[in-house]
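One structure is given here, and the rest of the page talks about it.
The values are calculated or read from the model by the stated rules, or taken from the named source; none is laboratory data. Since the structure is predicted, the reported quantities are computational estimates derived from the model, not experimental observations. In this analysis, Cβ positions are derived from the backbone assuming ideal geometry, glycine residues included, and neighbour counts consider all displayed protein chains. Keep in mind that these areas ignore ligands, DNA and RNA; they rest on the heavy atoms of the full protein, side chains included. Shrake-Rupley method; radii C 1.70, N 1.55, O 1.52, S 1.80 Å.
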Amino acid sequence: MAKTYMVGNWKMNQGLQDLKSFFAELSAKNLPEGNFWIAPQAIQIQKAIELSLGSSVKIGSQNCSNENFGAFTGEINTTSLKEIGAHFTIIGHSERRAIFNESDELINSKVQKALNDSLTPIFCFGETLEQREAGKTLDIVLGQIKAGLVNIKIENADQLILAYEPVWAIGTGKTATPDQAEEVHAAIRSLLKELYGDLGADLSILYGGSVKPANVLELLSKPNINGGLVGGASLKAEDFAALCSATL
Ligand code: PGA
């Protein structure tokens, strides 16, 4: 069975003081054990790892390089992420694709690099509003997955997480309805079974795009929605704790 995750993507939002207050408030809530992950800004990953020690929260990055050490100004390598205790890395978020022109090929090589360094990739994809309205949602989404996972081999279902994030639902307050999301997740599940056989049934497929405490339970009630990748609503400890509780 696929595991359920709740992952906060803080983007470039929290300062150091916010980070400290967040973890102080979260620890007061005594979260039970679960798959609760947070990706702060790169500069705060190490501090977040320190602050989350002893809790069930694991820390990762919002992006990584496909390269190893070398002359790559401004990049972050997965070897160093692993070395400081990071657990996962988000790869191919729509903001990386759109603002930083990341291609399917680059994303594919980042997924491979993360796997090589035993960092769990959360591989993201999703259609724009224009693509949805043109009836191309499944073509786009399944195409991005096939391209992003070229030659990617895994041995167990914990090694790779997928995240469907319709671009029109990110930061807009517009959530895909649970049925709209499940339709896409079910198609993704079929593709994963084609690509990975039995393992495909156990891979977790997260949904992202305006997930909040008020809509999370309904989304998670769908058979192929195995958690959330959450931006805005993950910034407040109280909301994040409520989202995490919904996975249990
Ligand atoms: P949102 O962002 O929850 O603020 O819509 C989700 C994401 O970009 O991962």
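What to note about this one:
- Solvent-accessible surface ranking, highest first, for Thr172, Thr120, Thr4 at 1.4 angstrom: Thr172, Thr4, Thr120
- If you sort the three axes of the alpha carbon gyration tensor as a ≥ b ≥ c, you get a/c of 1.5 or more for the stretch 37-101 and a/b no higher than b/c, which makes it oblate.
- Shape parameters for the stretch 5-246, alpha-carbon atoms, Rg then Dmax in Å: 16.8, 48
- Once exposed loop GluC sites (Glu not before Pro) are cut out (DSSP; at most 16 other Cβ, 10 Å), longest piece of the chain: 156-248
- Heavy-atom accessible surface of the chain: percent carbon and sulfur, 1.4 Å: 50
- Fully extending the segment from Asn156 to Asp139 would add 3.4 nm, taking 0.36 nm per residue of separation and subtracting the current Cα-Cα distance.
- Spatial offset of the stretch 178-195 relative to the stretch 27-90 amounts to 28 Å, using the alpha carbon center of each.
- Whole-Hz ³J(HN,Hα) from phi, Karplus 6.51 cos²θ - 1.76 cosθ + 1.60, for the stretch 216-230, glycine and proline x: 5, 5, 5, 5, 5, 6, 7, x, 9, 9, 10, x, x, 10, 10
- Cross-link check: pairs Lys11/Lys153; Lys3/Lys136; Lys20/Lys58; Lys113/Lys236; Lys58/Lys82; Lys11/Lys222 evaluated at a Cα-Cα cut-off of 22 Å; pairs beyond the cut-off: Lys11/Lys153; Lys3/Lys136; Lys113/Lys236; Lys11/Lys222.
- Rounded to 0.05, the FRET efficiency of the Glu194 and Ser221 pair, given R0 = 25 Å and the Cβ-Cβ distance, is 0.45.
- Spacing of the two label points (7 Å from each Cα toward its C-beta) at Ala98 and Lys3, in nm: 3.1
- Average accessible area per residue (Å²) across the stretch 30-90 - probe 1.4 Å, nucleic acids and ligands excluded: 49
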